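The values are calculated or read from the model by the stated rules, or taken from the named source; none is laboratory data. Because the structure is predicted, anything quoted here is derived from the model rather than measured. Note that we place each Cβ from the backbone using ideal geometry, even for glycine, and neighbour counts take in every protein chain shown.
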Amino acid sequence: MKHSVPFLCFRALSRLSAVLVPCLVLTLMGYLFWRAFPVLGPKLLFGRVAPLDAVLGRVPVWDGLWPACVGTFWLVLITMLLAVFPGVGCGIYLSELASPRQKRCLGAAVDMLAGMPSIVMGLFGFMLILLLRRTVMPNANTGLLLAACCLALLVLPVLVASAREAMAAVPASLRLAAAAAGFSRSQALFHLLLPAAARGILGGVVLAVGRAAEDTAVILFTGVVANAGLPSGLFGKFEALSFDIYYISSQYQDQQELLRGFGAAAFLLLISCLLLAAARVLERGFRRKWQGKA
Amino acid sequence: MRKAGVFFRPAGRSGEAGLAFIRVAVAFAMAGMALLFLMVVAFALPVFVQGGGGGPFSWSWAPGRGEFGILPMVAGSLLAGGLAVVPGWIMGLCLCCWLMAPPCVARPGLWRTLVGALVRVMTAVPTVVYGFAAVFLLSPFIRLSLGGSGFSCLTAVIMLSVLILPTVVLVLQAGLGPRLEAVAMSGAAMGLSRMELLWNVVLPVSRGTLLSAAVLGFGRAVGDTMLPLMLAGNAPVMPESLLSSMRTLTAHMALVTSNEVGGAAYDSLFMAGLLLLLINGCVSLVIRRMGGRS
């Protein structure tokens, strides 16, 4: 069969992109790991301080990533505490209980939120503080809790979408069986369908943890600083891994600090990839259990 | 299932308490979203109404002289988004077709499986890590090979197109995959390869999917903060060429909060937030009409 010229171009281009794109990405990632490899180790985290002292908070760490890791950990934990309940609840509601009209409206709102630039959430937190200062709390300031609230808004759509999909993936036969056994609608939902979908929902939560850990733009507005040490409390300033990477790339003083930046970037990349892999494993297990395919 | 029943005990035996929980969760989520939209609009509206000289709608940003125009940044954002979509969309389309059209469907081959996995991993790579790698690899490369400072429109656009690539590929795969499967059998009977089927049959009827992938990519490129902030140079003027420095709305917002202390500079910040919200709203609207999923 004779091919037209556009088709031949298309085919050549698709083969080219199949080589070009992986090369580009792997070059970037490979370079990152190549520079970071020599510094990967406990010294990257704790600097000159003994690890045990640093972990217990007895000695502050100034030349390691430990404060940033702790900051990111608390940030993600509080974000998840705030976001999981509304997010998963909203997803279940959308999939099981909402009328078609509600589905359309709420679904549109969640879609809109999903596409929202993360910096707008940061701006929202910033506005919230300005508002509080003008009205009830003149000395309100940005901090860990505010950043977590804004991040919670950012990961909400991820949680809603995954909970919704997980509930929809539970097979219809289970619903029929529940009805045949005389379950009421709410009994079936909470004692049968929700436990069945739990693994899929958990996969979504892990995915959301990854989103919360990587984001920089939100915390830029809401109280991240470069040298805060360990976070002092819910309203204190904090350090975060992603912000440290940005900060080092623009303000690094010496080679040592630059290498720490490479180490931090490689570390964050590893964490994100591991979280993604965990989410995939959970979701695959869930789908295989209920649909008999990966 | 006894264990599961214990696990969801808060829902109550009849599940009525659980329904109340879910309603509260939905109320929380909706309150958060409503507050976000309301705040952004409420803070920006006074600026809109005020108008006048030195306001956000002029072409000059010079805080020292009391000029706070953000139009160069608006142009910068649209330019960066538009330029990044072209290579991102073309490469995404080609890569997606290549992934979907192996010579033998049962055995896709190692390279194809790996590239497919890589595209999934790319969705999880933090943007700040992309930015960090590009600051130390891509921008020196551009400085040495093409001249300029290396921190330019072109650098940011290249990385933005890498950033949106996985989004484009996944949206296209979700849209084109079922259509290809629907005609795969009859196509094979006529002796057409999968690539020929895609080119001659599937792509011409998938205009909506193709467009919504492009629009979604555009939305992500415009909304990203860290890449333009780290790579584009951030001079608040219209870029003269691909190699000159520019500033996008998102980067502008990040810079204003870290450098200015209030007054008219903040007004321009709120205006920028509203503009981003509106751009994102248009993107969601187009995707809804096209029926693609976000």
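Considering only residues that are away from chain A (no Cβ under 12 Å) and on the phi > 0 side of the Ramachandran plot, which ones fall in the stretch B:104-156?
B:Gly147, B:Gly148, B:Gly150
At pLDDT 90 or above, of a type in the set (Val, Ile, Thr), buried (at least 17 other Cβ atoms within 10 Å of the Cβ) and more than 23 Å from the chain's Cα centre (by Cα): which single residue out of A:Val84, A:Val76, A:Val21 fits that description?
Unique residue meeting the criteria: A:Val21.
Out of curiosity, is A:Ser232 closer than 15 Å to A:Gly71 by Cα and either β-branched (Val, Ile, Thr) or without any contact (Cβ under 8 Å) to a residue 24 or more places away in the chain (or both)?
Here the answer is yes, as A:Ser232 does meet what is asked.
Has the stretch A:64-76 got at least one residue that is facing another protein chain (nearest Cβ under 7 Å), over 20 Å from A:Glu257 (Cα atoms) and free of Cβ contacts under 8 Å to residues at least 24 places away in the same chain?
The answer is no; no qualifying residue exists.
Conditions (1) within 12 Å of another protein chain (Cβ to nearest Cβ); (2) surrounded by fewer than 21 Cβ atoms within 10 Å (Cβ to Cβ); (3) closer than 21 Å to B:Arg220 by Cβ, marked per residue:
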{"position": "A:Pro171", "(1), (2), (3)": "no, yes, no"}
{"position": "A:Leu174", "(1), (2), (3)": "yes, yes, no"}
{"position": "A:Arg185", "(1), (2), (3)": "yes, yes, no"}
{"position": "A:Ala197", "(1), (2), (3)": "yes, no, no"}
{"position": "A:Val218", "(1), (2), (3)": "yes, no, yes"}
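B:Leu154: touching a Lys or Arg at 6+ places or on another chain (Cβ under 9 Å), modelled with pLDDT of 90 or more and hydrophobic (A, V, I, L, M, F, W, C), yes or no?
no
Return the residue satisfying two criteria in turn: it lies in the stretch A:131-145 and is part of a helix (DSSP H, G or I) and touching a Phe, Trp or Tyr at 6+ places or on another chain (Cβ under 8 Å), and of such residues it is surrounded by the most Cβ atoms within 10 Å (Cβ to Cβ).
A:Leu144
Can you pull out every residue in the stretch A:25-53 that is farther than 18 Å from A:Glu257 by Cβ and surrounded by 18 or more Cβ atoms within 10 Å (Cβ to Cβ)?
A:Val25, A:Leu28, A:Met29 - these are the residues of the stretch A:25-53 that are farther than 18 Å from A:Glu257 by Cβ and surrounded by 18 or more Cβ atoms within 10 Å (Cβ to Cβ).
Could you list, in sequence order, all residues of the stretch B:1-56 that are crowded, with 16+ Cβ neighbours inside 10 Å, more than 7 Å from every other protein chain (Cβ to nearest Cβ), in a helix (DSSP H, G or I) and at pLDDT below 90?
Within the stretch B:1-56, B:Ala44, B:Val47 meet the criteria.
Quick one: which of A:Val225, A:Val160, A:Val206, A:Val136 is without any contact (Cβ under 8 Å) to a residue 24 or more places away in the chain, of a type in the set (Val, Ile, Thr), within 14 Å of chain B (Cβ to nearest Cβ) and within 30 Å of A:Thr72 (Cα to Cα)?
Going through A:Val225, A:Val160, A:Val206, A:Val136 in turn, the sole match is A:Val225.
Taking the stretch B:167-200, which residues are touching a Leu at 6+ places or on another chain (Cβ under 9 Å), surrounded by 14 or more Cβ atoms within 10 Å (Cβ to Cβ) and aliphatic (A, V, I, L, M)?
Those that are touching a Leu at 6+ places or on another chain (Cβ under 9 Å), surrounded by 14 or more Cβ atoms within 10 Å (Cβ to Cβ) and aliphatic (A, V, I, L, M): B:Val168, B:Val169, B:Val171, B:Leu172, B:Leu176, B:Leu180, B:Val183, B:Ala184, B:Leu197, B:Leu198.
When you go through (1) exposed (fewer than 15 other Cβ atoms within 10 Å of the Cβ); (2) under 28 Å from B:Gly15 (Cα atoms) one by one for A:Gly91, which number turns out not to apply?
A:Gly91 satisfies every listed condition except (1).
Picking from A:Ala168, A:Ala180, A:Ala196, which residue would you name as being out of contact with any helix residue (DSSP H, G or I) (no Cβ under 9 Å at 6 or more places or on another chain) and of a type in the set (A, V, I, L, M)?
A:Ala180
Residue-by-condition table, conditions (1) on the phi > 0 side of the Ramachandran plot; (2) of a type outside the set (Ser, Thr, Tyr); (3) within 13 Å of the chain's Cα centre (by Cα); (4) part of a loop (DSSP other than H, G, I, E, B):
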{"position": "A:Val209", "(1), (2), (3), (4)": "no, yes, yes, no"}
{"position": "A:Val218", "(1), (2), (3), (4)": "no, yes, yes, no"}
{"position": "A:Phe235", "(1), (2), (3), (4)": "no, yes, no, yes"}
{"position": "A:Gln256", "(1), (2), (3), (4)": "no, yes, no, no"}
{"position": "A:Leu259", "(1), (2), (3), (4)": "no, yes, no, no"}
{"position": "A:Phe267", "(1), (2), (3), (4)": "no, yes, no, no"}
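Examine the stretch B:255-267 for a residue that is at the interface with chain A (Cβ under 9 Å from one of its Cβ atoms) and hydrophobic (A, V, I, L, M, F, W, C), and state whether such a residue exists.
No, the conditions are met nowhere in the stretch B:255-267.
Check off (1) part of a helix (DSSP H, G or I); (2) within 26 Å of the chain's Cα centre (by Cα) for A:Arg11 and give me the number that stays unchecked.
(2)
Which of (1) surrounded by fewer than 23 Cβ atoms within 10 Å (Cβ to Cβ); (2) within 14 Å of chain B (Cβ to nearest Cβ); (3) within 27 Å of B:Met253 (Cα to Cα); (4) not polar (S, T, N, Q) does A:Cys150 not meet, given it meets every other one?
All conditions pass for A:Cys150, except number (1).
Given the structure, is A:Phe286 surrounded by 21 or more Cβ atoms within 10 Å (Cβ to Cβ), more than 8 Å from every other protein chain (Cβ to nearest Cβ) and either over 30 Å from A:Asn141 (Cβ atoms) or free of Cβ contacts under 8 Å to residues at least 12 places away in the same chain (or both)?
When the stated conditions are applied, A:Phe286 passes them.
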